[in-house]
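All remarks here apply to the structure that follows.
The values are calculated or read from the model by the stated rules, or taken from the named source; none is laboratory data. None of these values were measured; they are calculated from a predicted model. Cβ coordinates were reconstructed from backbone atoms using ideal geometry, including for glycine residues, and neighbour counts include every protein chain displayed. To get the accessible areas, we keep the full protein, side chains included, count just its heavy atoms, and leave off ligands, DNA and RNA. Shrake-Rupley method; radii C 1.70, N 1.55, O 1.52, S 1.80 Å.
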Amino acid sequence: MKKKICVVTTTRADYGVMRNTINKILDDSDLSLCLLVSGTHLSSEYGSTINEIISDNVPIAEKIDILSDRSDVLGIDETMANALVRFGEAFMRHKPDLVLVIGDRYELIPICTAALVANIPIAHISGGEITEGAIDDCVRHSVTKMSTLHFPACEEYRKRIIQLGEQPDRVFNYGDPGVENILNIDFIPREELEDYLGFSLENYICMTFHPVTTQLGKEKQQLEEVLSAIKAFPETTFIITKANADSGGQYINNRLEEFAQQNDNVKLFASLGIRRYLSLVKNAKAVIGNSSSGIIEAPVLHTPTVNIGDRQKGRLMADSIISCPTERDEIINAIKCAISDEWQIKAENTIGFYGIGNTSACIVETIKKYLYEHPDYEVKRFYDLSSV
């Protein structure tokens with residue numbers, strides 16, 4: 001009998017990164033895909049990105065609406081409460097053999113809790129990382145402790161998961177699936193991108209700026225510093241994707257809409273889709289903001305990154321990344337450096353350290369091997385490091 005893998009996707013980002021893994025599950029004759037689509041995928045405010053999944057002809061087992069109408073901290077709490085109950089019900093209906101999740105979004109806490117209490121093993125992609133500027137850091141480590149199988153992006157992160165007490169033979173470094181996307185993607189030609197976007201791509205920068213969730217209430221001040229810096233480059237086009245559904249994200253998106261209306265060189269999108277987004281990053285002068293894509297994908301595409309503020313603090317940084325505080329003049333200087341001929345050459349010669357492009361196949365094969373060797377629920381054991 002086929003083993004049923006329940007893949008959970010709640011955002012444009014995690015679906016884009018997991019798309020190859022999802023397709024590998026679909027293509028495996030020993031596995032059955034149960035795709036649960038939730039979160040911002042179902043929201044028109046965030047681009048109704050479920051349509052990207054539909055256009056990929058990926059079968060959706062169920063749509064699970066969890067988002068609160070509120071945009072404050074209590075709204076996050078309500079979303080998490082919805083996720084606990086509704087995913088718990090979904091797991092009872094679909095009865096998966098394993099739940100596969102990725103990353104560090106806050107909704108993973110209740111989703112994985114629901115799987116945990118139902119004795120469904122969890123496989124987690126992208127554990128072991130550190131992002132000191134976001135509550136994602138605590139979420140990620142919490143999901144690690146609930147998970148049975150772990151797929152970190154590099155060896156340093158693998159060691160950190162083991163340090164958290166996970167069995168070494170359950171932690172596998174196959175690289176980052178986002179890097180795999182880049183190494184295997186069919187990039188969209190510039191002319192086709194220009195036709196879709198409706199403007200020239202002669203000189204542009206990509207930007208995404210999310211709330212720093214450990215600094216609640218400061219998103220207004222921080223965003224104004226970023227926007228003030230952008231105004232120092234009137235001859236450059238800024239292609240901006242909206243913030244995610246964290247507390248403070250709605251304020252950022254509303255302000256970005258206003259700013260885009262006031263500045264002809266600013267183009268704002270709720271979502272671009274992973275293939276279109278990566279194609280744009282590949283040819284951009286730089287990526288700026290505080291998204292993980294500037295840390296993981298941009299260096300592989302040999303595009304300079306200006307990493308603003310503390311949101312990604314603690315992650316491994318490639319040589320092409322310039323980190324700066326969320327202050328106007330510092331951001332301006334960092335952008336000038338990033339678009340300079342010297343830094344463009346430096347980015348072109350940057351070597352990434354997140355895998356060689358076979359991540360998804362290795363993940364799926366490891367999950368399948370585990371499930372067929374462990375047909376019954378396995379109680380986790382804590383791994384103690386040897387005394388030094």
Can you pull the one-decimal nm distance between simple spin-label points at LEU26 and SER44, each 7 Å off the Cα toward Cβ? 2.7
Excluding residues on the same chain fewer than 8 positions from LYS95, give the aspartates and glutamates whose Cα lies under 15 Å from its Cα. GLU62, ASP376
Longest span of the chain, sites excluded, free of GluC sites (Glu not before Pro) in DSSP loop with at most 15 other C-beta atoms within 10 Å? 236-377
Determine the equivalent ellipsoid of the chain by diagonalising the alpha-carbon gyration tensor, then write out the semi-axes as square roots of 5 times the eigenvalues, largest first, rounded to whole Å. 34, 22, 21
Global form of the range 105-159, assessed from the alpha-carbon gyration tensor, a/c cut-off 1.5: oblate
Which whole-angstrom value gives the distance between the alpha carbon centres of the range 57-132 and the range 197-239? 30
Kindly sort MET1, MET80 by accessible area of their heavy atoms, largest first, with the probe set to 1.4 Å. MET1, MET80
Would you mind checking the pairs LYS145/LYS313; LYS24/LYS242; LYS285/LYS346; LYS159/LYS369; LYS3/LYS24; LYS24/LYS145 and listing those with alpha carbons more than 19 angstrom apart? LYS145/LYS313; LYS24/LYS242; LYS159/LYS369; LYS24/LYS145
What is the percent carbon and sulfur in the accessible area of the range 132-205, measuring with a 1.4 Å probe over the protein chains and ignoring ligands? 47
Using amide H atoms built 1.01 Å from N in the peptide plane, name the residues 5+ places from ILE64, or on other chains, whose amide H lies under 5 Å from its own. VAL37, SER38
Shape call, the range 19-113: gyration tensor on alpha carbons, a/c limit 1.5: oblate
With Cβ to Cβ distances under 12 Å as the rule, what net charge do the other residues near LYS313 carry (K, R +1; D, E -1)? -3
Do the sum for the chain: with -39,500 (n - 2.57) for every DSSP H run of n ≥ 4, divided by all residues, what is the mean residue ellipticity at 222 nm, to the nearest 500 deg cm²/dmol? -13000 deg cm²/dmol
Sequence of THR10, THR237 from largest to smallest accessible area, 1.4 Å probe: THR237, THR10
How big is the equivalent ellipsoid of the range 207-246 along its three axes, where each semi-axis is √(5λ) from the Cα gyration tensor, reported in whole Å from largest to smallest? 21, 13, 5
By the C-alpha gyration tensor axes a ≥ b ≥ c (rounded if a/c is under 1.5, else prolate when a/b exceeds b/c, else oblate), the shape of the range 165-229 is oblate
Residue-normalised value, i.e. accessible area per residue, for the chain at 1.4 Å probe, in Å², stands at 43
Rounded accessible area of HIS94 (nearest 10 Å², 1.4 Å probe): 40
Can you work out the base-10 log of I(q)/I(0) for the range 288-364 at q = 0.11, 0.15, 0.17, 0.24 1/Å, using the Debye formula on its C-alpha atoms alone? -0.30, -0.52, -0.64, -1.08
